[in-house]
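Below is one structure, written out as structure tokens, with a few remarks after it.
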Amino acid sequence: MFNADQPTRGISVPGIDRGLRLVDLPAIFPRPRNLQLRRFLVLALILCGSVILGGCDTGHRNIIDNTAPPPVASDFPLLSDISPSQGKPGDEITLNGVNFSPNISENVVIFANSSNTVRLAGLVTSVNVGAFDPDTGAPSTLSVVIPGGVRTGTVSLNVLNATYGDPAQLIPDTFAGARGFTAAPELIGWAVNDDGNGTLIRDAAGNVFPDFVYLYGYNLTNAITDVQIYDGTTTLTADSIIAGPPATASYSLPPGIQMVGVEVPSGLIPGGDTAPLRMIAINGSTGGIPLTSSEIDVPWRFLFGPGDPSDMPAYIAGAILPQGIRRGDVSIT
């Protein structure tokens, strides 16, 4: 045990010695007559040595080795929520969180299906990053356009070149989190008859043959509650909706494509000789908030007499543009 009354030459301090020995204390400090004052001076010297040898971490660099402190929770990019959490291609949603990159290209937003087998990149249109707070991070928001072909699943954010509030902590790719997302139905095509190549035909009484048209696209299975059909004059609701394709179909669907059968109601009145039926699918299974699909036009022909339908009217065909598409020609076969 240390005795302040004993000579202090060659004192070593356990725990902070590190191969060093303190110099002659009396040579530095004249021996005070007061015992308590002597003890205070010794303890003060020990404390100063500990700080110098160990360094300190106040969020800045350490004194000894000049390294940045390890990042804490408030330094990391974090996705907290998305708003709204549902939508259709072309809609814009907002991602909220902290520590996004101020550079648009360094925020990568991915829309994935539930099994993570389909991953589509959204187009980030804007980003806003506030001032960095050591306790809470930098409040951040970004806007992103929902891509075509999006499926119900998740929206995730990866931040490239994250700095964690300190440029020295540069990390190439940081996963900021993912949130659930419900995609609206997306209609991309239609089929009539078992071969899928037929057309709807109407007669003078307003009846339609055959009475079913099959619509295909994404996010359709077990989700469509009704289909609205516009004939150019009025809007009617489909008589019924069934799963597709029909059991007698001679065609098959590409992977990931879903289909529903729509029973066309009677009483449709053409808005003109070439006016198509415009069909819109409604998804009502999202907590009472309906999701409206894209529109699709289905051509139909007029029956002048038995076996004498009108020619097929011109109509517009739509398609989903693939990732990585380049300028050029589009061929139809």
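The values are calculated or read from the model by the stated rules, or taken from the named source; none is laboratory data. Just so it is clear, the structure is predicted and the values come from calculations on it, not from any experiment. Note: ideal-geometry Cβ built from the backbone for every residue, glycine included; neighbour counts use all protein chains shown.
Structure summary
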quantity: Leading residue by the ranking (surrounded by the most Cβ atoms within 10 Å (Cβ to Cβ)) among those in region 108-140 that are over 18 Å from ALA178 (Cβ atoms) and free of Cβ contacts under 8 Å to residues at least 12 places away in the same chain; calculated: GLY130
quantity: Residue within region 227-241 that is more than 28 Å from PRO306 (Cβ to Cβ) and of a type in the set (A, V, I, L, M) present; calculated: yes
quantity: Residue check, ALA249 hydrophobic (A, V, I, L, M, F, W, C) and modelled with pLDDT of 90 or more; calculated: yes
quantity: All positions within region 114-164 that are more than 25 Å from GLY256 (Cα to Cα) and among the charged types (D, E, K, R); calculated: ASP133, ASP135
quantity: Strands (runs of 3 or more DSSP E) within region 143-243 that include 3 or more residues touching an Asp or Glu at 6+ places or on another chain (Cβ under 9 Å); calculated: 153-162, 212-218
quantity: Pairs, first within 23 Å of MET312 (Cβ to Cβ) in region 276-289, second surrounded by fewer than 15 Cβ atoms within 10 Å (Cβ to Cβ) and modelled with pLDDT under 75, C-beta under 8 Å, six or more apart; calculated: PRO276/TYR315
quantity: Members of region 294-314 that are over 19 Å from ILE269 (Cα atoms), in a loop (DSSP other than H, G, I, E, B) and either modelled with pLDDT of 85 or more or of a type in the set (Gly, Ala, Ser) (or both); calculated: GLY307
quantity: Any hit, region 234-247, residues being closer than 30 Å to ALA112 by Cβ and surrounded by fewer than 17 Cβ atoms within 10 Å (Cβ to Cβ); calculated: yes
quantity: Residue satisfying all of: in region 270-293; aliphatic (A, V, I, L, M) and modelled with pLDDT of 80 or more; nearest to ALA205 (Cα to Cα) among these; calculated: LEU277
quantity: Any chance SER105 is more than 11 Å from the chain's Cα centre (by Cα) and touching a residue at least 60 places away in the same chain (Cβ under 8 Å); calculated: no
quantity: Qualifying residue in region 172-194 (condition: of a type in the set (Val, Ile, Thr), loosely packed, with under 14 Cβ neighbours inside 10 Å and assigned by TED's automatic domain parsing to the domain that holds ILE296); calculated: no
